[in-house]
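Asker: Before I ask anything, here is the structure I am working with.
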Amino acid sequence: MSCFADDSDGARRATVHAREDHTARGLKRMRRTATCLLACMIALLLVCVAWQPDHSWLAWPRAFAEAGTAGAIADWYAVVALFRHPWGLRMPHTAIIPQNQQRIAESLGTFVEENFLTPDLIADRLSGHDTAHALARWLAQPANSRGVADVVAHAVAGLLDRMEEADAQWFFDRLVIPQLRTLDVSRVAGDVLKVLTESERHRPWLVHGLEALEKWLAANVEMIKAKFSETSRYTPAQLDDYIVRKFIEGIIALLHEVAANPNHELRHQFDESLQALIVRLQTSAVHRRFGRSLMRDCIRFFRHADYYRVLLERLRMRVAADLGHEQSALRDALTSMLASLGKRISREPAIRHKLNAWWLTLVRELVVRYGRQLSLLITEVVKGWNADEVSRKIEAEIGRDLQYVRINGTFVGGMVGVLIHAATLVLVR
């Protein structure tokens, strides 16, 4: 499991580094382009200044170069002032992002809360999607359900590996045992028997019990004969043998009759006795006290026999051994359960409707209850970032677009300079 996590983290870090390197190279390339354009404007301006006395028409490119240079320098200053102090000089209103990190963090958290974490907005966006159907179809695919089962199985194994004996003892002492102490064992037993007897579900068990009793009688004939002879000392052995043999044959024949005839009188008597037992288990105070006493003895034995450690170790061994096989029963069971769940939900529109309604209600309640905490989390995380690192990352993400601003500012400034020069000539004439 750890190797799988390490490989995943390594791949993710490699992807992040590759993306950051690509972004940094693109930013450097655009920065050089904008700077080279500024240098070209300055070079054009110097050429025009030097040759304009001999060539009057150079006034037009000079006006373009002067305004383009001014625009390029102004936009360079504006871009740099967002992230750092130009030329290292601490001029007012420069290094805007690092200097205002705290205010930006608070504004970002408030912006997310007011514009994204509103219950109505999220519910409206999600209400148009059949989330349950999409999830069900996704789970119904064997590859997807297998992937989820792998994650769950490894998570269970990791949880068991990290769990100590004290943790298991705390779990049972605080969560399991208090529930067992209040459990009405007698009533639960009665309810279980009631469920088993409904729709005659207990009939196969009764037949199985009759067959087991027949096998026991056939296998222990000699023992029964010996016991009969011990209690009948004054009868011949041949007579004892005959009586026991006929008795067992009669019992076996009776068992065959009861097993073959669903309406046999003994079956009715058995069912009546079972129903009476169910009523006693569910209503009798004596049975209730006996059940609670039995549960207390089980809890006491469980605690004194060091079963916390034994249970934890056996569970770890079973899960580890199962996951070590290519055909894991745990993974196969989870995969089958998830795939069946997905198919069942896909076929049942009523279930999907209920799940979608539950999902929207849950999302709305979570947003109402925890939306403010999420916005505060965003604020605290941004406040905790290193100011220079934040500035560098933001510049890496939007720096290329800002370099386009410098380039556009150079050309726009140049065109404005030409227009101003033309307007000046018109006014002078």
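The values are calculated or read from the model by the stated rules, or taken from the named source; none is laboratory data. No experiment lies behind these values; they were computed from the predicted model shown. Reconstructed Cβ throughout: ideal geometry from the backbone, glycine too, with neighbour counts over all protein chains shown.
Asker: Determine which member of the set Ala43, Ala34, Ala63 is in a helix (DSSP H, G or I), under 22 Å from Ala396 (Cα atoms) and at pLDDT 90 or above. Don't jump to the end; show me each part of the working.
Answerer: On the way: Ala43 fails: under 22 Å from Ala396 (Cα atoms); Ala63 fails: under 22 Å from Ala396 (Cα atoms).
That would be Ala34, the only listed residue that is in a helix (DSSP H, G or I), under 22 Å from Ala396 (Cα atoms) and at pLDDT 90 or above.
Asker: Only one of these conditions is not met by Ser107: (1) modelled with pLDDT of 85 or more; (2) closer than 30 Å to Arg347 by Cα. Which number is it?
Answerer: Evaluating Ser107 over (1) modelled with pLDDT of 85 or more; (2) closer than 30 Å to Arg347 by Cα leaves (2) as the failure.
Asker: Follow-up. Using beta carbons and a limit of 8 Å, which pairs, at least six apart or on different chains, have the first residue in region 127-142 and under 21 Å from Arg331 (Cβ atoms) and the second one assigned to a helix (DSSP H, G or I) and among the polar types (S, T, N, Q)?
Answerer: Ala136/Ser346; Trp138/Asn144; Leu139/Ser145; Ala140/Ser346; Pro142/Thr335
Asker: Go through Ile351, Ile420 for me and flag whichever is over 30 Å from Asp161 (Cα atoms) and either loosely packed, with under 14 Cβ neighbours inside 10 Å or touching a Cys at 6+ places or on another chain (Cβ under 6 Å) (or both). Lay out the reasoning, then the answer.
Answerer: Numbers: Ile351 fails: either loosely packed, with under 14 Cβ neighbours inside 10 Å or touching a Cys at 6+ places or on another chain (Cβ under 6 Å) (or both).
Residue meeting the stated conditions: Ile420.
Asker: For Lys383, work out the one condition from (1) in contact with a helix residue (DSSP H, G or I) (Cβ under 6 Å, 6 or more places away or on another chain); (2) at pLDDT 85 or above it doesn't fulfil.
Answerer: (2)
Asker: Here's a follow-up. Can you tell me which residues in region 371-391 are surrounded by 17 or more Cβ atoms within 10 Å (Cβ to Cβ) and farther than 20 Å from Thr110 by Cβ?
Answerer: Once the filter is applied, which keeps residues that are surrounded by 17 or more Cβ atoms within 10 Å (Cβ to Cβ) and farther than 20 Å from Thr110 by Cβ, region 371-391 yields only Ser391.
The rows are residues; the columns are (1) part of a helix (DSSP H, G or I); (2) charged (D, E, K, R); (3) in contact (Cβ under 8 Å) with a residue 12 or more places away in the chain.
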residue	(1), (2), (3)
Trp358	yes, no, no
Arg369	yes, yes, no
Arg372	yes, yes, yes
Glu380	yes, yes, yes
Ala396	yes, no, yes
Val412	yes, no, yes
Met415	yes, no, yes
His421	yes, no, yes
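Asker: Tell me, which residue of region 165-201 that is over 29 Å from Ala285 (Cβ atoms) and in contact (Cβ under 8 Å) with a residue 12 or more places away in the chain is surrounded by the fewest Cβ atoms within 10 Å (Cβ to Cβ)?
Answerer: Among residues in region 165-201 that are over 29 Å from Ala285 (Cβ atoms) and in contact (Cβ under 8 Å) with a residue 12 or more places away in the chain, the one surrounded by the fewest Cβ atoms within 10 Å (Cβ to Cβ) is Glu165.
Asker: Here's a follow-up. Tell me which of these Leu117 doesn't satisfy, since it passes every other one: (1) part of a helix (DSSP H, G or I); (2) more than 27 Å from Tyr404 (Cβ to Cβ).
Answerer: With respect to (1) part of a helix (DSSP H, G or I); (2) more than 27 Å from Tyr404 (Cβ to Cβ), Leu117 is out only on (1).
Asker: In region 158-267, which helices (runs of 4 or more DSSP H) lie fully inside it and hold 3 or more residues that are modelled with pLDDT of 85 or more and either at negative phi or touching a Pro at 6+ places or on another chain (Cβ under 9 Å) (or both)? Spell out the reasoning first.
Answerer: Working: elements: 165-171, 177-181, 185-197, 203-219, 221-231, 237-260.
Per the criteria, 185-197, 203-219, 237-260.
Asker: On the given criteria, is Ile97 surrounded by fewer than 18 Cβ atoms within 10 Å (Cβ to Cβ), touching a helix residue (DSSP H, G or I) at 6+ places or on another chain (Cβ under 6 Å) and part of a helix (DSSP H, G or I)?
Answerer: Details: surrounded by fewer than 18 Cβ atoms within 10 Å (Cβ to Cβ): no; touching a helix residue (DSSP H, G or I) at 6+ places or on another chain (Cβ under 6 Å): yes; part of a helix (DSSP H, G or I): yes.
So Ile97 does not fit the description; no.
Asker: What single numbered condition from (1) surrounded by 15 or more Cβ atoms within 10 Å (Cβ to Cβ); (2) modelled with pLDDT under 80; (3) under 37 Å from the mean Cα position of the chain (by Cα); (4) over 30 Å from Leu196 (Cβ atoms) fails to hold for Phe302?
Answerer: Here Phe302 clears every test but (4).
Asker: Would you please name the residue that is surrounded by the fewest Cβ atoms within 10 Å (Cβ to Cβ), looking only at residues in region 239-261 that are touching a helix residue (DSSP H, G or I) at 6+ places or on another chain (Cβ under 7 Å) and farther than 23 Å from Ala226 by Cβ?
Answerer: Result: Val258.
Asker: Another question about this same structure. Identify all residues within region 279-311 that are assigned to a loop (DSSP other than H, G, I, E, B) and acidic (Asp, Glu); write none if there are none. Don't jump to the end; show me each part of the working.
Answerer: Quick first cut of region 279-311, residues assigned to a loop (DSSP other than H, G, I, E, B) only: 284, 305-306.
If the condition is that a residue be assigned to a loop (DSSP other than H, G, I, E, B) and acidic (Asp, Glu), then Asp306 is the only one that fits.
Asker: Going through Ala34, Ala74 one at a time, which residue ends up being more than 30 Å from Trp358 (Cα to Cα), of a type outside the set (S, T, N, Q), in contact (Cβ under 8 Å) with a residue 40 or more places away in the chain and touching a Lys or Arg at 6+ places or on another chain (Cβ under 9 Å)?
Answerer: Numbers: Ala74 fails: touching a Lys or Arg at 6+ places or on another chain (Cβ under 9 Å).
Matching residue, one of Ala34, Ala74: Ala34.
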